[in-house]
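Colleague: Here's a structure for you.
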Amino acid sequence: MKTDLLHDRNHRGRTQLGWLNSYHTFSFGGFQDPNRMGFRSLRVINEDRVVPGAGFPTHSHQDMEILTYVLEGALEHQDNLGNGAVIRPGEAQIMSAGTGITHSEFNASGDNPVHFLQIWILPNIQHLPPRYEQREFPLAERQGQLRLIAAKDGRAGAVKVFQDVDLYTAVLEPEHQMRYDLAVNRYGWLQVARGIIRLNGEELREGGWLAVGGRSLTRHCHRYWRRDFTL
């Protein structure tokens with residue numbers, strides 16, 4: 001198997017404030033690397049931890065598909081479209097920023113931190129009307145198997161994303177193995193959200209990632225701890 005990019009979590013950028021601890025897989029904010037500007041249409045993967053009661057004040061986005069996936073805790077969302085919701089573990093939220101959306105994100109708890117991934121994908125259509133969607137994916141649908149949570153056609157109950165991508169998540173028990181076949185001329189990105197996996201003899205820890213593509217590839221994931229990963 002060819003591994004185009006294989007990195008551990010120590011290769012990420014970092015933003016550390018009093019209320020925020022954020023790791024950046026790609027260039028973001030004060031972390032800029034011309035060789036790390038994204039992977040095809042995937043532009044941002046930030047792993048954020050926010051202390052109780054704090055969060056991101058109102059800010060704007062345009063022409064970006066922004067997906068939030070909570071690992072622990074609860075994240076409160078408000079936007080200028082009138083949406084207000086709390087995102088909890090096992091739920092996926094997507095915003096199509098399109099012509100412009102303004103929103104805020106805060107830790108919904110006054111006692112516990114929130115830990116989440118924020119994934120930005122470049123859309124295949126510019127200047128879309130902004131939109132919001134949020135869905136729950138029960139643990140039983142993610143346990144020991146890949147669960148589609150975002151797709152261009154919104155199939156199988158996934159949230160819709162305006163790009164030719166499929167985003168999966170899974171929770172694996174110790175010693176559990178999983179296989180996924182990447183189709184010809186497709187590209188893949190695997191992000192370890194928590195725990196440790198072994199992938200074709202290579203060990204990846206929380207925050208590590210692997211990028212592959214351009215030909216048919218087979219990947220085997222060996223799980224040591226019960227944790228999540230996104231693909």
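The values are calculated or read from the model by the stated rules, or taken from the named source; none is laboratory data. Note that the coordinates shown come from a computational prediction; the quantities given were computed from them, not determined experimentally. When we count neighbours, we look across all protein chains shown, and the Cβ atoms used for this are built from the backbone with ideal geometry, even at glycine.
Colleague: Under 6 Å between Cβ atoms, at least 6 apart or on separate chains: pull out the pairs that start in the range 24-41 with a residue that is surrounded by fewer than 18 Cβ atoms within 10 Å (Cβ to Cβ) and end on any residue that is β-branched (Val, Ile, Thr).
Modeller: 29/15; 41/121
Colleague: Now, a different point. Being exposed (fewer than 14 other Cβ atoms within 10 Å of the Cβ) and in contact (Cβ under 8 Å) with a residue 40 or more places away in the chain narrows it down to one of 206, 202, so name that one.
Modeller: On the way: 206 fails: exposed (fewer than 14 other Cβ atoms within 10 Å of the Cβ).
Within the list 206, 202, the selection yields 202.
Colleague: Quick check, is residue 171 in contact with a helix residue (DSSP H, G or I) (Cβ under 8 Å, 6 or more places away or on another chain), under 24 Å from residue 72 (Cα atoms) and of a type in the set (A, V, I, L, M, F, W, C)?
Modeller: Values: in contact with a helix residue (DSSP H, G or I) (Cβ under 8 Å, 6 or more places away or on another chain): yes; under 24 Å from residue 72 (Cα atoms): yes; of a type in the set (A, V, I, L, M, F, W, C): yes.
Taking the combined requirement at face value, the residue satisfies it.
Colleague: With the range 78-186 as the region, which strands (runs of 3 or more DSSP E) entirely inside it contain at least 2 residues that are at pLDDT 95 or above and either under 22 Å from residue 209 (Cβ atoms) or of a type in the set (Asp, Glu) (or both)? Working first, answer last.
Modeller: Values: elements: 84-87, 91-96, 101-107, 114-121, 131-136, 147-151, 166-172, 177-182.
Those strands (runs of 3 or more DSSP E) span 91-96, 114-121, 131-136, 147-151, 166-172.
Colleague: Collect the residues in the range 138-162 that are at positive phi and under 17 Å from the mean Cα position of the chain (by Cα), keeping them in residue-number order.
Modeller: Initially, the range 138-162 is screened for residues at positive phi, giving 144, 154, 156-157.
Passing the criteria: only 154.
Colleague: Taking the criterion of being within 28 Å of residue 63 (Cα to Cα) and of a type in the set (Phe, Trp, Tyr), would at least one residue in the range 175-190 satisfy it?
Modeller: Scanning the range 175-190, I find at least one residue that is within 28 Å of residue 63 (Cα to Cα) and of a type in the set (Phe, Trp, Tyr), so the answer is yes.
Colleague: Here's another thing I want to ask about it. Mind checking which residues of the range 137-164 are among the acidic types (Asp, Glu) and either more than 23 Å from residue 123 (Cβ to Cβ) or surrounded by 15 or more Cβ atoms within 10 Å (Cβ to Cβ) (or both)? Before you say what the answer is, go through the steps one by one.
Modeller: Going residue by residue through the range 137-164, those that are among the acidic types (Asp, Glu) are 141, 153, 164.
Correct list: 141 only.
Colleague: Kindly indicate which of 73, 90, 84 is surrounded by fewer than 16 Cβ atoms within 10 Å (Cβ to Cβ), small (Gly, Ala, Ser) and either under 28 Å from residue 147 (Cα atoms) or free of Cβ contacts under 8 Å to residues at least 60 places away in the same chain (or both).
Modeller: Numbers: 73 fails: surrounded by fewer than 16 Cβ atoms within 10 Å (Cβ to Cβ); 90 fails: surrounded by fewer than 16 Cβ atoms within 10 Å (Cβ to Cβ).
Step by step, each of 73, 90, 84 is checked, and only 84 is surrounded by fewer than 16 Cβ atoms within 10 Å (Cβ to Cβ), small (Gly, Ala, Ser) and either under 28 Å from residue 147 (Cα atoms) or free of Cβ contacts under 8 Å to residues at least 60 places away in the same chain (or both).
Colleague: Within the range 51-89, how many residues turn out to be out of contact with any Leu (no Cβ under 6 Å at 6 or more places or on another chain), closer than 17 Å to residue 119 by Cα and among the hydroxyl-bearing types (Ser, Thr, Tyr)?
Modeller: Residues that pass the stated criteria total 2.
Colleague: Residues 167, 172, 182, 190: which one is touching a residue at least 24 places away in the same chain (Cβ under 8 Å), under 22 Å from residue 151 (Cβ atoms) and surrounded by fewer than 20 Cβ atoms within 10 Å (Cβ to Cβ)?
Modeller: On the way: 167 fails: surrounded by fewer than 20 Cβ atoms within 10 Å (Cβ to Cβ); 172 fails: surrounded by fewer than 20 Cβ atoms within 10 Å (Cβ to Cβ); 190 fails: surrounded by fewer than 20 Cβ atoms within 10 Å (Cβ to Cβ).
The match here is 182.
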